[in-house]
Every structure is written in structure tokens, then in C-alpha cells.
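**Q** This is the structure I have questions about; it appears just below.
The values are calculated or read from the model by the stated rules, or taken from the named source; none is laboratory data. Everything numeric in this text was worked out from a predicted model, so none of it was measured. In this analysis, Cβ positions are derived from the backbone assuming ideal geometry, glycine residues included, and neighbour counts consider all displayed protein chains. Calculation scope for accessible area: heavy atoms of the full protein, side chains included, ligands and nucleic acids excluded. Shrake-Rupley method; radii C 1.70, N 1.55, O 1.52, S 1.80 Å.
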Amino acid sequence: MKVRVQFFSHLKDLAGVDEIAQEIEDHANVAALLDQLYVRYPKLRVWDGSILIGAGVEFVGRNHIMIPDEPIAIMPPVQGG
């Protein structure tokens, strides 16, 4: 299946794209997606411990099971100011 992955802020700069369609196994979780993204965009791995993941309009954990065409947002930690 395919999911739509959107990169935000400096993670977008590291990936060199703002959005991709990523092929992933059916019933895969976010952790499996991140593993694939780190192979495709190795510079993102440095941020692994602090990134936030959104699915649709909710923040999700790495165990979240994705559905076809689901928008997945990969974001850096939120900072206030």
C-alpha cells in the first residue's frame, strides 16, 4: 500500500522534499515506515529520538498501524516562544 508522507521544518530540508508517496507493506506500523525513510533519507535518522509523527489530524506513536493513502506527517519537536 502507499501512504503520503509529509516532512516539515528542517526535516523537509534534510530529506530534500516536502512530500512523497511511500510504498509500505499492508498493516505496517509507523516504526516500519521510519525504518524505510531512514534508508531513503539517512540524514533524518539523527532526529529519530525526537521527531513527532502525525496521522491524519492526530499525533500517533510508532505502533500506529497505517491505512492506505493515510497522510503521515514527520515533524521536529514543537518549540514555543
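**Q** I'd like the accessible area for V46, computed on protein heavy atoms only with a 1.4 Å probe and all protein chains in place. Round to 10 Å², please.
**A** Rounded to the nearest 10, the figure is 120 Å².
**Q** Now for a separate question. Treating only the Cβ atoms of Lys and Arg (+1) and Asp and Glu (-1) as charged, compute the dipole magnitude of the chain about its Cα centre; round to the nearest 20 debye.
**A** 260
**Q** Let me ask something additional. Binning at 10 angstrom from zero up to the longest distance, how are the C-alpha pair distances of the chain distributed in percent?
**A** 19, 59, 21, 2
**Q** In the chain, what percent of the accessible surface is made up of carbon and sulfur (1.4 Å probe, ligands and nucleic acids excluded)?
**A** Roughly 54 percent of what the probe reaches on the chain is carbon or sulfur.
**Q** Let me ask something else. For the chain, which GluC sites (Glu not before Pro) are in a loop by DSSP, counting at most 13 other Cβ atoms within 10 Å?
**A** Within the chain, the qualifying GluC sites (Glu not before Pro) (loop, at most 13 other Cβ atoms within 10 Å) are E25.
**Q** Moving on. Helix 30-40 against the longest principal axis of the chain: what's the angle in degrees, Cα atoms only, rounded to the nearest 10?
**A** 70
**Q** Before rounding to the nearest 500, sum -39500 (n - 2.57) across all DSSP H runs of length at least 4 in the chain and divide by the residue total; then give [θ] at 222 nm in deg cm²/dmol.
**A** Computed ellipticity for the chain at 222 nm equals -6500 deg cm²/dmol.
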